[in-house]
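Following: one structure in structure tokens, then a few remarks.
The values are calculated or read from the model by the stated rules, or taken from the named source; none is laboratory data. On a predicted model such as this, the values are computed, not experimentally measured, just so you know. Cβ coordinates were reconstructed from backbone atoms using ideal geometry, including for glycine residues, and neighbour counts include every protein chain displayed.
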Amino acid sequence: MSATRGARWLAARGIPFRLVRYEHAVKGAACAARATGVPLAEVVKTLVVEAEGEGCLLALVPGDRELDLRRLALALGVKRARLADPADAERVTGYRVGGISPFGTRRALAVVVEAAILTRERILVNAGGRGVMLAMAPAGLLELPGVRVLEITPLPAAPLR
């Protein structure tokens, strides 16, 4: 497989990355973390969200957290936000669900990054194909057009003792 559209987007802007390939068994950050040996908190989920009055946007959250749609709506100043239907997500991004990258989307989409992602040294983000990730510094996410950094997830639960 040649470089993905997401990888080409980063390369064209001189943003350093490394392609990481793995056997894609099922979609999800947990599968990617297991297959690559990377901690789940360092695998970034790219979710397509429909925000009332904003249209579709991308929400990037750490693999060990869940997007809080109410918190996202409040941060954006809108009444409601919901996950996009998979067919709509594929239509607006040009990527298949399970392989959606924030880089090189078919349509320019607003991007909201969970602030916790920027505390990591390295992250894995989908490259635009199932089983292909981009290993990169999280600062590269700040090169996305119109990116906003917000707190859109609840804190992870403390481990039980």
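Suppose we filter 35, 25 for residues that are without any contact (Cβ under 8 Å) to a residue 12 or more places away in the chain and more than 25 Å from residue 91 (Cβ to Cβ); which single one remains?
Working: 35 fails: without any contact (Cβ under 8 Å) to a residue 12 or more places away in the chain.
Checking each option against the conditions leaves just 25.
Condition first: hydrophobic (A, V, I, L, M, F, W, C) and touching a Cys at 6+ places or on another chain (Cβ under 9 Å). Now tell me which residues in the range 72-108 satisfy that. Before you say what the answer is, go through the steps one by one.
If we filter the range 72-108 for residues that are hydrophobic (A, V, I, L, M, F, W, C), which is where we start, we get 72-76, 78, 81, 83-84, 87, 89, 92, 97, 100, 103, 108.
The answer is 84, 89, 92.
Give the residue that is nearest to residue 101 (Cα to Cα), with candidates limited to residues of the range 2-40 that are at pLDDT 95 or above and among the small types (Gly, Ala, Ser).
6
Looking at 75, 89, which is the one that is touching a residue at least 40 places away in the same chain (Cβ under 8 Å), outside any strand (DSSP E or B), more than 27 Å from residue 12 (Cβ to Cβ) and touching a strand residue (DSSP E or B) at 6+ places or on another chain (Cβ under 7 Å)?
75
Kindly list the number of the only condition in (1) part of a loop (DSSP other than H, G, I, E, B); (2) free of Cβ contacts under 8 Å to residues at least 60 places away in the same chain; (3) surrounded by 14 or more Cβ atoms within 10 Å (Cβ to Cβ); (4) of a type outside the set (Phe, Trp, Tyr) that fails for residue 97.
(2)
Here is a list: 10, 57. Which entry is crowded, with 21+ Cβ neighbours inside 10 Å and either charged (D, E, K, R) or within 15 Å of residue 132 (Cα to Cα) (or both)?
The unique qualifying residue is 10.
Go through (1) among the β-branched types (Val, Ile, Thr); (2) under 18 Å from residue 127 (Cβ atoms); (3) touching an Asp or Glu at 6+ places or on another chain (Cβ under 9 Å); (4) not in a strand (DSSP E or B) and name the single condition residue 48 misses.
(4)
Could you tell me how many of the residues in the range 1-22 are in a loop (DSSP other than H, G, I, E, B), in contact with a strand residue (DSSP E or B) (Cβ under 6 Å, 6 or more places away or on another chain) and either within 14 Å of residue 123 (Cα to Cα) or without any contact (Cβ under 8 Å) to a residue 40 or more places away in the chain (or both)?
1
From the list 140, 104, exactly one residue is touching a helix residue (DSSP H, G or I) at 6+ places or on another chain (Cβ under 7 Å) and at positive phi. Which is it?
104
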